[in-house]
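Here is the structure we will look at, set down as structure tokens.
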Amino acid sequence: MGHEVLYFNLSYTWIVGWLFLFEARLPYKTIWRRSDGQLGPDLGHTILNKGLVQLFIVQLIALGIVGANNNSQAAMLPLPLQVVIGLVISEIGLYCAHRLAHEWPLLWRCHAVHHSVKKLWLVNTGRFHFIDSLASVLASIPFLLLSGISMDAIVWVSAITAYIGILTHCNVDMECGWLNYVFNTPNLHRWHHSTDRNEGDNNYGENLMLWDILLGTFLYKPGCDITDIGIADKMPASFIAQLAVPFRWNRVQLGAAPATEQ
Ligand SMILES: [Zn+2]
Ligand SMILES: [Zn+2]
């Protein structure tokens, strides 16, 4: 497992390095290269999420809830097939959690932190309220465990989720073509961030678009540029106030809380 973590960190750093270069040389929107004043909160949410999610997974392993699963029938299948099974099945939980976060106002209060940005770039990939992140992990882990795939396959599924995550937010001018019908891509995820909820309430898939296509929430507009991303709701500008926003949502929306609108 030690080597896998090392390889993952090296490959992730390598991809991030290239994407930063492409964001500078080949931006999808030049205006998105300007500062939005959210670098601190973006990094704060990312670090908090990474720490909390890792701590949560370590606890699950320590309690024996997640562990070697190498004796099930699924774990006997070739590794690539197990990874595909893991991606498809875990996506059920991820899709449901994400769609609920858009359709259930209480969860939207947390998920709005992610959608409040007015530009997409590598750095706000991990900008999620920690409750939002924990809800996604909680929603996907039972499906991964039920699938019976091996721990090696689970590690691969997690790595692919991380790779796709940074790709979907990068401000790089790329057209993904037919891949848009299989994977979540920057082309699709930008529409998910549209200020128009008729567009934004689509493309819920975290890795795969399978469930969006089957359930009628797939939105792809080839050759069409997104103009505005963001939300109509108010969002405080500071990291601490964003952490508190789900608990003082109405006050912030009414302008009663001393929060600066972003
Ligand atoms: Zn969303
Ligand atoms: Zn996003």
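The values are calculated or read from the model by the stated rules, or taken from the named source; none is laboratory data. Given the structure is predicted, the values throughout are model-derived calculations rather than measurements. All Cβ positions, glycine included, derive from the backbone under ideal geometry; neighbour counts span all protein chains shown.
This table checks each residue for (1) free of Cβ contacts under 8 Å to residues at least 12 places away in the same chain; (2) outside any helix (DSSP H, G or I); (3) surrounded by 20 or more Cβ atoms within 10 Å (Cβ to Cβ).
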residue: P80; (1), (2), (3): yes, no, no
residue: V83; (1), (2), (3): no, no, yes
residue: R99; (1), (2), (3): no, no, no
residue: I141; (1), (2), (3): no, no, no
(request) Out of L134, L167, report the one residue that is within 13 Å of ligand 2 (Cβ to nearest atom), modelled with pLDDT under 95 and either in a helix (DSSP H, G or I) or not hydrophobic (A, V, I, L, M, F, W, C) (or both). (result) L167
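Among the candidates V113, V117, single out the residue that is closer than 15 Å to K234 by Cβ, crowded, with 20+ Cβ neighbours inside 10 Å, more than 10 Å from ligand 1 (Cβ to nearest atom) and under 13 Å from the mean Cα position of the chain (by Cα).
Going through V113, V117 in turn, just one is closer than 15 Å to K234 by Cβ, crowded, with 20+ Cβ neighbours inside 10 Å, more than 10 Å from ligand 1 (Cβ to nearest atom) and under 13 Å from the mean Cα position of the chain (by Cα): V113.
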(request) Check off (1) within 15 Å of ligand 1 (Cβ to nearest atom); (2) part of a loop (DSSP other than H, G, I, E, B); (3) in contact with a strand residue (DSSP E or B) (Cβ under 8 Å, 6 or more places away or on another chain) for R127 and give me the number that stays unchecked. (result) (3)
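Can you tell me how many residues within the stretch 12-43 are part of a helix (DSSP H, G or I) and either of a type in the set (V, I, T) or free of Cβ contacts under 8 Å to residues at least 24 places away in the same chain (or both)?
11
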(request) Determine whether V117 is modelled with pLDDT of 95 or more and over 18 Å from L94 (Cα atoms). (result) yes
(request) Working only within the stretch 200-227, note down all residues that are touching a residue at least 60 places away in the same chain (Cβ under 8 Å) and either within 13 Å of ligand 2 (Cβ to nearest atom) or not hydrophobic (A, V, I, L, M, F, W, C) (or both). (result) G200, D201, Y204, G205, E206, N207, D212, T217
(request) Look at I213 and say whether it is among the β-branched types (V, I, T), modelled with pLDDT of 90 or more and outside any loop (DSSP other than H, G, I, E, B). (result) yes
(request) Within the stretch 169-192, count every residue that is surrounded by fewer than 18 Cβ atoms within 10 Å (Cβ to Cβ) and hydrophobic (A, V, I, L, M, F, W, C). (result) 5
(message) Against the condition modelled with pLDDT under 90 and outside any helix (DSSP H, G or I), how does A75 come out, does it pass?
(response) no
